[in-house]
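Note sheet for the following structure.
The values are calculated or read from the model by the stated rules, or taken from the named source; none is laboratory data. Everything numeric in this text was worked out from a predicted model, so none of it was measured. Here the Cβ positions follow ideal geometry from the backbone for every residue, glycine too, while neighbour counts run over all protein chains shown. For the accessible areas, the whole protein counts, side chains as well, though only heavy atoms, and no ligand, DNA or RNA atoms are used. Shrake-Rupley method; radii C 1.70, N 1.55, O 1.52, S 1.80 Å.
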There are 2 protein chains.
Amino acid sequence: MKSYIIGIDLGGTNIPIALVTSGGMIVRQISISTNVSQGPEKVIERIIKAIKEIMNTVGHKSISGIGIGCAGQIDHKRGVVLFSPNLFWKNVHMVKKIKAAFKGLPVLLDNDANVAALGEYMCGAGKGMKNVIFMTWGTGVGGGIIINGRLYLGATGSAGEVGHIIISHDGPKCNCGNLGCLERYVGNKYIVNRAKELIKKEKNTTIHKLVNNDLSKITPLIIKKAAMKGDKLAKQVWEEMGTYMGMGLVSIINLLNPEAVIIGGGIAKAGNLVFSPIKETIKKRALKAASRNVKILRATLSDKAGIIGAAMLVTQHLNSLPKSRKK
Amino acid sequence: MKSYIIGIDLGGTNIPIALVTSGGMIVRQISISTNVSQGPEKVIERIIKAIKEIMNTVGHKSISGIGIGCAGQIDHKRGVVLFSPNLFWKNVHMVKKIKAAFKGLPVLLDNDANVAALGEYMCGAGKGMKNVIFMTWGTGVGGGIIINGRLYLGATGSAGEVGHIIISHDGPKCNCGNLGCLERYVGNKYIVNRAKELIKKEKNTTIHKLVNNDLSKITPLIIKKAAMKGDKLAKQVWEEMGTYMGMGLVSIINLLNPEAVIIGGGIAKAGNLVFSPIKETIKKRALKAASRNVKILRATLSDKAGIIGAAMLVTQHLNSLPKSRKK
């Protein structure tokens, strides 16, 4: 029986490759370093070698497919990495190359945030639901949308850009060129900037102590630690960030009336420091009919969401085939 | 063969009831007045009488179902008008009553904006597409979402509240209680208010002439007429309104990457006065990957979208049944 899937989380530094059960359990995992400077040909060659190695554990015959998540713009239909700023790849026909090495096996590729959304939906916090919004909150704010039990990709595969919801139409300029996007308020860098701004008026905060007065050392983690120790300024930063995130979610919830919003990524680790203001903002500002039953959940797969979700691309693909084509 | 559907557009003043082909052509239409003061029992009785009358034209046996669109909060699963401010109805079990009068026929009920979205998607500007956003722009801004070829209703049936996307998180208070919603900037009343605000600094505009200096008579239609005659102030009003609408759509397009946005309702009749700034704003501010191919279209069914869409509720319902249950 074909009971295992290969899940791959193609990152700029490392590439974890895992043997995953159809239910999302990781059975074995290896990791190779990316070595971006080698260029796509060589990197893909090494990925193929690693897949073969991990496949040998259970035998080629028990593998039902290979799923890959990759940061950047992906053409999931043609299996092409259109542009990945982390890998410095442009128009890399990745699926074609991997397929050639593993004839007959389905190979699926999608954007990392979509893949994580699928993982959380099928094996994590969203299990058993049908309409779920997933947000990954870190350097930027990415996401994925599950509609009627399937990853929703939109007309050209770029749906789910939750970080580029407008919070304020005349707000500060976002990297994307627009003004006042959610990401421009709550991305890692802007959290740190906001703390630095507030700190100008204060001299003795826990943040000062934690960085030995070297303000260039402030990170979201430092601000979290300070807030956990009761620092007022740090708590204010998180209160503001949670409120902004809540406002982005108000628009999404009013529009899509999801069962749940699942939030993952580094910043979600701030826990109630951000989840409390998020929930409060939604309660105060979203339409009752759309928000009354919505669950705001923390992602549960953490750094495994990428490989598990990548494997789930295969499961979703196989489930969508007519029964006669399934093996 | 069952080739006709009854489509009903339940409004606060009139109730048009039509015989519609499965392809969305209106074959015959009658209209009864609502007489809200009679209360739901009597109104529904008269609707049933009118349905019977129109059914007689072709015979009961050629009718495949009855579809109803109604403004307000609807529980589409149970067929209940939860709350309709136009009808002053609360918890009216409408579908149950109509079903009892037409045994064996499917009866479907949904919110008017969802129904219009379905109509435009199946028989109007969105024909042949799969992922479409529909906006109805008038007193308020309502809408409906078509995902993968079906009306998307969300977890509890309230999806599609496109008017309550946030444009500015610290903007003016909206009727819904939130601040800075799209509707609060571009609803009929606010268009008029904006014209009145701008007019304070001007004395001789075409608007003055069109209302004989009685500014209380300004309507969106007056502002449209003035703009068509080249009035600068009126043109500015539409430019601003189109830009706001465009900003709401930037969030929606970045999130959902639809094939098309279809805009109907009274204000859409302002044509290029609003469509030009809408398109320009999207071009300037939305993510390229999500907006490159998006079509911004005017609705084509105008005031027939309600009855045609209501009939299409039946078509969509029948298409979703397993083949053995279709007759």
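About the Cα centre of region B:41-160, what is the dipole size in debye to 20, counting +1 per Lys and Arg Cβ and -1 per Asp and Glu Cβ, all else neutral?
Roughly 440 debye for region B:41-160.
Using amide H atoms built 1.01 Å from N in the peptide plane, name the residues 5+ places from B:Leu297, or on other chains, whose amide H lies under 5 Å from its own.
B:Val261, B:Ile262, B:Ile263
Roughly what percent of Cα-Cα pairs across region B:108-252 reach past 25 Å?
It works out to 39 percent of all Cα pairs.
Probe radius 1.4 Å, ligands and nucleic acids ignored: give me the carbon and sulfur share of the accessible area of the protein assembly as shown as a rounded percent.
Here carbon and sulfur together make up 50 percent of the probe-accessible area.
Find every distance from the label point of B:Asn91 to the corresponding label point in the other copies (7 Å from Cα along Cα→Cβ) and write them in nm, one decimal, shortest first.
Listed shortest first, these distances are 6.4 nm.
Rounded to the nearest 500, what is the 222 nm mean residue ellipticity of chain B from helices alone, with -39500 (n - 2.57) per DSSP H run of 4+ residues and division by all residues?
Mean residue ellipticity at 222 nm (helix-derived): -12000 deg cm²/dmol.
Which value, in square angstrom to the nearest 100, describes the accessible area buried between chains A and B on both sides, using a 1.4 angstrom probe?
So the buried area, both faces added, is about 3600 Å².
Using a probe radius of 1.4 Å on heavy atoms only, what accessible surface per residue do you get for region B:110-205? Whole Å² is fine.
Accessible surface, normalised per residue, equals 35 Å².
What helices in chain A pass both tests, a Cα length along the helix axis of 18 Å or more and a mean Kyte hydropathy of 0.0 or higher, using whole DSSP H runs?
Passing helices, by number: A:232-256, A:305-320.
Quick check: Cα centre of region A:109-126 to Cα centre of region B:252-292, how many Å?
Taking the Cα centre of each part, region A:109-126 and region B:252-292 sit 29 Å apart.
Per residue of B:129-141, what is the mean number of Cβ atoms on other protein chains within 10 angstrom of that residue's Cβ?
Averaged over the peptide's residues, the number is 1.
So how exposed is A:Glu161, as accessible area in Å² (1.4 Å probe, rounded to 10)?
Near enough 60 Å² of accessible area.
So if I restrict to the alpha-carbon atoms in region B:117-159, what is the Rg, and what is Dmax, the biggest pairwise distance, in Å?
Rg then Dmax for region B:117-159, in Å: 10.4, 30.
Once the piece of chain linking A:Thr219 and A:Thr139 is laid out straight, how much longer is it, given 0.36 nm per residue of separation minus the C-alpha distance between them?
Stretched out fully, the A:Thr219 to A:Thr139 stretch lengthens by 27.7 nm.
Rounded, prolate or oblate: pick one for region A:32-108, where a ≥ b ≥ c are the square roots of the eigenvalues of its C-alpha gyration tensor, a/c under 1.5 means rounded, and failing that, prolate if a/b is larger than b/c, else oblate.
It comes out oblate by the Cα gyration axes.
For region B:187-295, take N as its residue count and report Rg(C-alpha) divided by 2.2 N^0.38 Å.
Here the answer is 1.17, to two decimals.
Kindly state, to the nearest 0.05, the FRET efficiency for B:Asn212 paired with B:Lys232, given R0 = 22 Å and r defined as their beta-carbon distance.
0.65
Using only the alpha carbons, work out the radius of gyration and Dmax of region A:80-145 in angstrom.
14.5, 38
Using the Cα centre as the reference, give the magnitude of the dipole from point charges on the C-beta atoms of chain B (Lys, Arg: +1; Asp, Glu: -1; all else neutral), rounded to the nearest 20 debye.
In debye, rounded to 20, chain B gives about 560.
Distances over 24 Å make up what percent of all Cα-Cα pairs in chain A?
Distances greater than 24 Å cover 56 percent of the Cα pairs.
Take the alpha carbon gyration tensor of region B:233-297, find the square roots of its eigenvalues, order them as a ≥ b ≥ c, and report rounded if a/c is under 1.5; if not, report prolate when a/b exceeds b/c, else oblate.
Verdict is prolate for region B:233-297.
Once you average over the residues of B:254-267, how many Cβ atoms of partner chains fall within 10 Å of each Cβ?
Per residue, the number of nearby Cβ atoms from other chains is 4 on average.
Would region A:1-157 count as rounded, prolate or oblate if I go by the C-alpha gyration tensor, calling it rounded below 1.5 in a/c and otherwise prolate when a/b exceeds b/c, oblate otherwise?
Since a/c reaches 1.5 but b/c is at least a/b, the shape of region A:1-157 is classed as oblate.
How well do other chains shield peptide A:142-151, expressed as the mean number of their Cβ atoms within 10 Å of each residue Cβ?
Average per residue, whole number: 2.
With θ taken as phi - 60° and the coefficients 6.51, -1.76 and 1.60, list the Karplus ³J(HN,Hα) couplings across region B:14-22 in order, rounded to whole Hz; mark glycine and proline as x.
These are the phi-based 3J(HN,Hα) values: 10, 10, x, 10, 9, 9, 10, 6, 5 Hz.
Show me B:232-241, A:6-15 ranked by packing, highest mean number of other Cβ atoms within 10 Å first.
Per-residue mean Cβ counts within 10 Å order the peptides as A:6-15, B:232-241.
From the label point of B:His317, set 7 Å along Cα to the beta carbon, how far off in nm is each other copy's matching point, shortest first?
Those label-point separations list as 3.9 nm.
Which residue, B:Val192, B:His208, B:Pro258, has the largest displacement toward the positive end of the dipole of region B:160-277 when charges sit on each Cβ (Lys, Arg +1; Asp, Glu -1)?
Going by the Cα projections, it comes out as B:His208.
Expressed as a whole percent, how much of the Cα-Cα distance distribution for the protein assembly as shown exceeds 41 Å?
Cα-Cα pairs in the protein assembly as shown separated by more than 41 Å: 35 percent.
Starting from the amide H of A:Ala155, placed 1.01 Å from N in the peptide plane, find each other amide H under 5 Å away whose residue is 5 or more places distant or on another chain.
For A:Ala155, whose amide H was placed from the backbone, the distant partners under 5 Å are B:Glu259.
Under a 5 Å amide H to amide H cut-off, with H placed in plane at 1.01 Å, what residues pair with B:Ile17 once short-range neighbours are removed?
Amide H neighbours of B:Ile17, under 5 Å, 5+ apart: B:Ile30, B:Ser31, B:Ile32.
Sorted by accessible area (1.4 Å probe), largest first, how do B:Ser3, B:Ser31, B:Ser84 line up?
Solvent-accessible surface, decreasing: B:Ser31, B:Ser3, B:Ser84.
Using +1 at the C-beta of Lys and Arg and -1 at the C-beta of Asp and Glu, which of B:Leu118, B:Gly160, B:Gly246 has the Cα lying farthest in the positive direction of the dipole of chain B?
The Cα lying farthest towards the positive end belongs to B:Leu118.
In debye, nearest 20: dipole of the protein assembly as shown around its Cα centre with unit charges on the Cβ of K, R (+) and D, E (-)?
That gives a dipole near 940 debye.
Find every distance from the label point of B:Gly230 to the corresponding label point in the other copies (7 Å from Cα along Cα→Cβ) and write them in nm, one decimal, shortest first.
Between copies, matching label points for B:Gly230 lie 7.3 nm apart.
Enter the accessible area per residue of region A:207-246 (Å², integer; probe 1.4 Å; all protein chains in place).
53 Å²
Give me the one-decimal nm value for the distance between modelled label points at B:Asn148 and B:Phe83, 7 Å along each residue's Cα-to-Cβ direction.
3.2 nm
Tabulate in residue order the Karplus-calculated ³J(HN,Hα) for region B:176-181, using 6.51 cos²θ - 1.76 cosθ + 1.60 with θ = phi - 60°, rounded to whole Hz; enter x for Gly and Pro.
Here the 3J(HN,Hα) series is 7, x, 6, 9, x, 5 Hz.
Give me the one-decimal nm value for the distance between modelled label points at A:Lys96 and A:Lys42, 7 Å along each residue's Cα-to-Cβ direction.
Calculated label separation equals 2.3 nm.
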